[in-house]
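One structure is given here, and the rest of the page talks about it.
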Amino acid sequence: MDMRGPMRVVVASGLLVMAGFLLLALVSYMPGQVTGSGPTSKNLMGIGGAVVAHGFIRLWGVVAFFVPLLLIGYATAILRDHELANLGRRLTGAALLVPALCGLVHLLPLRQDAAGLLIHWDQYPFGGLGGSLGRFLCAPAGADGQPNSPAGVLVENLDVWGAAGVLLALAALALMLMDLGLRRLFSRTVAAVQSWKQAPPLEMPERPGRVKPPFVPGPAAPVLKSRATTSIHEITKRIAEDEQATPPDALALIERIRNQKRSLQGAGAAQAAEEPVAATPASADLPAADEPLATAGLPPRSATPEPPPPRPRPTRKAPPTGLSEGYVLPPVELLDDAPEKRHAEHEQEKTQISRAIEQVFRQFNVEVQVVNATRGPVVTQYEMRLLDESMRVGKVEGFEKDLAMKLGTEGIRIVAPLPNKTTIGIEVPNRIKEAVVMRDLVEEADPSTMALPIILGRDVIGKPMIGDLAKMPHLLVAGATGMGKSVCMNAMICSILLFKRPEEVKFIMVDPKMVELAGYEDIPHLLAPPITDMTKAHAALEWACRTMDERYEALRATGVRDIRAYNDLGIDEIRLRLAKKDQRSEDLPGGGAKLPYIVVLVDEYADLMMVNKEVEKSIVRLAAKSRACGIHVILTTQRPSADVVTGLIKSNLPSRICFRVVDKSNSRVVLDVSGAENLLGKGDMLFLQPGTSSVMRGQGVWLKDSEINAIIEHAKSQGVPTYDDDVLKVGAVRMDGGGDSGSGAGSEWIGDRQFHEAVQSMYRYNKTGADFFRRKLNIGYNKATQYVEQLADLGWLGPQKGTASREILRSWDEWIETLKENGVTWDEEDDLYHNPVELRQ
């Protein structure tokens with residue numbers, strides 16, 4: 001391209017003006033100048049410059065600054081009268097270099113400053129500095145915070161390294177087309193290096209002046225140690241300053257340096273062997289022989305620090321002996337090891353998010369400072385301090401949605417302020433999540449300090465969430481389907497099996513789903529097989545209420561307050577205390593032996609309530625009184641509505657775990673606060689500890705099916721269960737007050753003649769239902785409905801199936817036998833107890 005002098009100046013000046021316009025517009029650009037969102041500001045180049053900068057940055061990201069640099073380069077070449085031949089080829093190369101740079105920049109990991117720049121430009125969901133073009137080419141899958149968003153074209157088809165190779169090849173082609181003289185520059189650099197290597201060594205002239213004695217290492221220990229680690233360059237400098245030495249040639253100089261270094265090292269070793277470190281008072285301030293030199297103020301031996309030694313695994317403490325010496329607890333080797341942690345990536349992510357949080361609040365004119373970041377397995381808690389003292393803490397809680405949008409993620413929770421701290425906590429989900437495995441938590445637990453240890457997971461700062469069910473003393477687990485309730489329940493059961501023998505704890509499992517707890521059948525810790533028939537669940541709960549009353553009688557007779565004190569007495573002390581009251585140990589449950597803890601576990605409480613609402617009374621009575629006698633209740637439900645989790649249930653179950661739910665109302669029903677609707681799912685939970693009103697966020701432990709099966713098989717191999725037949729007997733409800741908080745309603749059917757008339761009418765006419773009883777017995781609808789529910793609870797009627805009548809499950813002869821077992825007597829002439837079939841004939 002041939003241009004005359006005046007024309008050359010005009011073209012170069014125009015290019016420089018365009019470059020300056022673009023550069024100032026890009027430097028002073030903010031998204032609010034065009035979109036109107038965020039704080040208002042003014043672009044140095046006006047609205048036109050803001051629009052141009054907005055388009056360039058949205059399209060190319062940080063590569064937009066390449067355009068003014070390209071214009072300045074061509075303007076400089078024109079002013080210097082360089083030959084610009086093949087201008088079309090050069091511009092084609094520049095056009096190809098732009099997408100190559102956008103893709104390569106987008107592949108680079110985000111640093112702290114880069115994350116702040118994305119927040120400043122409101123481009124954080126792009127996930128990189130390459131703009132929309134870089135995102136189209138090289139965005140990883142889910143870069144905008146959506147897990148199902150597709151990856152870039154190159155990354156999706158060629159993976160990351162393949163995309164990088166293609167872009168590097170495209171960039172090399174573009175540089176060749178632009179012909180920037182890089183090959184000539186490289187050739188000149190190589191020639192200069194080769195000429196420098198072939199140059200003769202310089203002779204060191206003798207320095208005139210005072211004669212300086214040669215260097216001799218002193219006797220002091222610090223001098224010996226420091227000289228022993230002096231580099232070869234330092235020794236060369238000292239020998240050069242020795243004025244008595246004559247200038248040697250290069251080979252002699254190198255040999256003398258080596259001899260001097262060996263003599264120094266030998267003198268240091270001899271001095272260290274002759275004088276121990278603690279020989280003189282002065283040596284007390286010196287580092288030990290095996291201590292790194294950096295502790296003594298000297299430079300380290302190597303620029304690359306040695307990796308710290310691996311932290312030894314804590315050993316699992318041996319369980320207390322004295323109970324069932326033949327039973328061996330499951331070894332921890334049955335559980336899988338934890339995956340390796342990527343600490344470098346974790347630290348980089350914490351730095352990026354910390355800077356991004358500060359940038360987001362700064363856009364809303366709120367000055368904050370992130371002072372600490374503690375990483376958990378799934379969530380990292382960032383501690384933030386308000387720099388503006390006039391800023392209200394309650395106002396910060398309203399920034400959850402803004403942070404979620406700017407950071408491109410969900411599940412953000414703001415805790416303002418943190419308990420017992422002067423900072424505000426922001427819980428942000430990690431991009432690189434870690435699995436919480438059972439093995440690490442088992443090795444960190446100390447079962448000797450807990451009666452019923454249950455492992456829940458880790459909190460947001462990575463600390464173990466391990467509780468004692470005996471202190472909780474009952475637990476409610478709620479959450480939507482697929483959010484982690486079943487995994488949490490299995491983890492609690494397996495944690496008890498890992499630490500406790502069958503003589504120490506027993507289970508009663510109610511499984512309305514019929515398959516969730518079926519695998520635990522035949523383990524020696526069971527009092528009865530997992531209950532899948534809901535008509536028998538109430539009988540098991542009533543048996544637990546009766547057992548609770550019997551245990552309290554034993555505690556009162558022996559003069560102790562709880563089951564732990566009772567078990568610590570021993571059989572001899574129990575007999576001695578009972579002898580003072582003219583009682584025998586045979587009258588106590590278990591004959592005075594140690595009483596095991598009993599865990600009543602109901603998998604789906606809402607389904608049980610639909611079949612029989614009377615179970616709530618038994619559960620409430622257990623939850624209110626059974627803590628001291630060693631009976632504890634665990635309820636799970638996927639429908640945490642107010643009609644299921646009633647006020648009585650909440651008041652008697654102070655410990656509650658809530659996984660993700662569908663709306664705020666369900667969260668408030670379980671935890672009395674909202675927040676569970678914003679959880680991530682898959683084990684992300686909020687835990688309300690007893691005695692506190694603040695909830696703790698954590699990640700539930702992940703227990704694989706293979707680990708569960710291994711623990712179950714080990715327990716089965718150690719023994720067989722001893723089932724108690726009374727647990728599922730209907731006669732268990734004849735206990736006074738069973739299921740009705742001591743009012744006696746649970747056993748009213750035994751002496752209720754009108755109820756017996758209802759049974760007689762049912763068999764005589766082969767009909768059931770509240771309307772039938774209301775007509776035949778001339779009673780109210782509520783009373784008739786109560787009779788139907790009582791018969792279903794006792795196992796005489798099946799569940800309701802639409803509009804059809806309930807099915808009669810048992811015969812008349814079984815009814816008569818049940819009355820006799822419960823002590824009911826009658827005259828032989830009383831037609832009420834005659835077979836209705838005979839009366840019908």
Open item on the list: Going by amide H atoms built from the backbone, whose H comes under 5 Å of the H on T423, apart from near neighbours?
Closed with: L418
Task: Spread of Cα-to-Cα distances over 10 Å intervals beginning at zero, given as percent, for the range 532-673 - done: 11, 36, 26, 18, 8, 2
Task: Solvent exposure, largest accessible area first (probe 1.4 Å, DNA, RNA and ligands not counted), of E358, E550, E349 - done: E550, E358, E349
TODO: Set the Förster radius R0 to 22 Å, insert the Cβ-Cβ distance between T481 and S674 as r into 1/(1 + (r/R0)^6), and round the FRET efficiency to 0.05.
DONE: 0.65
Task: Distant-in-sequence amide H partners of S655 (H built 1.01 Å from N, under 5 Å) - done: H474, L476
Task: 24 Å Cα-Cα threshold exceeded, pairs from K625/K682; K506/K625; K617/K776 - done: K625/K682; K617/K776
Task: Over 22 Å between alpha carbons, listed pairs K485/K513; K485/K664; K350/K395; K421/K463 - done: K350/K395
Task: Two-site label geometry, K716 and D468: point separation in nm, points 7 Å out along Cα→Cβ - done: 3.4 nm
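Which percent of the accessible heavy-atom area of the range 559-680 goes to carbon and sulfur, probe 1.4 angstrom?
Values: 2570 of 5340 Å².
Roughly 48 percent of what the probe reaches on the range 559-680 is carbon or sulfur.
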TODO: List every residue whose amide H lies under 5 Å from the amide H of V600, counting only residues 5 or more places away in sequence or on a different chain, with H placed 1.01 Å from N in the peptide plane.
DONE: I508, H632, V633, I634
TODO: Could you provide, to the nearest whole Å², the per residue accessible area of the range 325-471 with probe 1.4 Å?
DONE: 46 Å²
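So, for the range 510-637, what is the accessible surface per residue at a probe of 1.4 Å, expressed in square angstrom? Kindly include the intermediate steps, with their values, before the conclusion.
Details: 5190 Å² over 128 residues.
That works out to 41 Å² per residue.
Would you mind getting the Kirkwood hydrodynamic radius of the range 427-474 from its Cα pairs, rounded to one decimal in Å? Please list the in-between numbers first.
Details: mean 1/r = 0.0830 Å⁻¹.
In the range 427-474 this quantity evaluates to 12.0 Å.
Quick one: if the Förster radius is 22 Å, what FRET efficiency do K820 and Q754 give, using the C-beta to C-beta distance and rounding to 0.05?
Values: r = 20 Å, r/R0 = 0.90.
Computed FRET efficiency for K820 and Q754 comes out at 0.65.
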TODO: Would you mind computing, in nm to one decimal, how far apart the modelled labels at L91 and V27 are, each placed 7 Å from Cα along Cα→Cβ?
DONE: 2.8 nm
- [ ] Output the Kirkwood hydrodynamic radius of the range 376-437, Cα pairs only, in Å rounded to one decimal.
- [x] 12.6 Å
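What does the charge count around C494 come to, taking other residues whose C-beta lies under 14 Å from its C-beta (Lys +1, Arg +1, Asp -1, Glu -1)? If you can, show how the numbers build up before the last one.
Working: positive: R439, K500, K704, K716; negative: D336, E516, D705, E707, E713.
Taking every other residue near C494 into account, the sum is -1.
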Task: Calculated FRET efficiency for the pair I432/N157, C-beta based, R₀ 35 Å, to 0.05 - done: 0.90
Open item on the list: Can you give me the distance in nm between label points at V34 and M610, each placed 7 Å from the Cα along the Cα-to-Cβ direction?
Closed with: 5.4 nm
Task: Reachable lysines, given that their alpha-carbon falls under 24 Å from the alpha-carbon of K580 and they are not under 8 places away in the same chain - done: K594
TODO: Express in nm, to one decimal, how much length is gained between N782 and K650 on full extension, taking 0.36 nm for each residue of separation and deducting their alpha carbon distance.
DONE: 44.8 nm
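The values are calculated or read from the model by the stated rules, or taken from the named source; none is laboratory data. Values in this document were obtained by computation on a predicted structure and should not be read as measured data. So basically every Cβ, Gly included, is an ideal-geometry build from the backbone, and we count neighbours across all protein chains shown. Just so you know, the surface numbers come from the protein's heavy atoms only, side chains and all, with ligands and any DNA or RNA stripped out. Shrake-Rupley method; radii C 1.70, N 1.55, O 1.52, S 1.80 Å.
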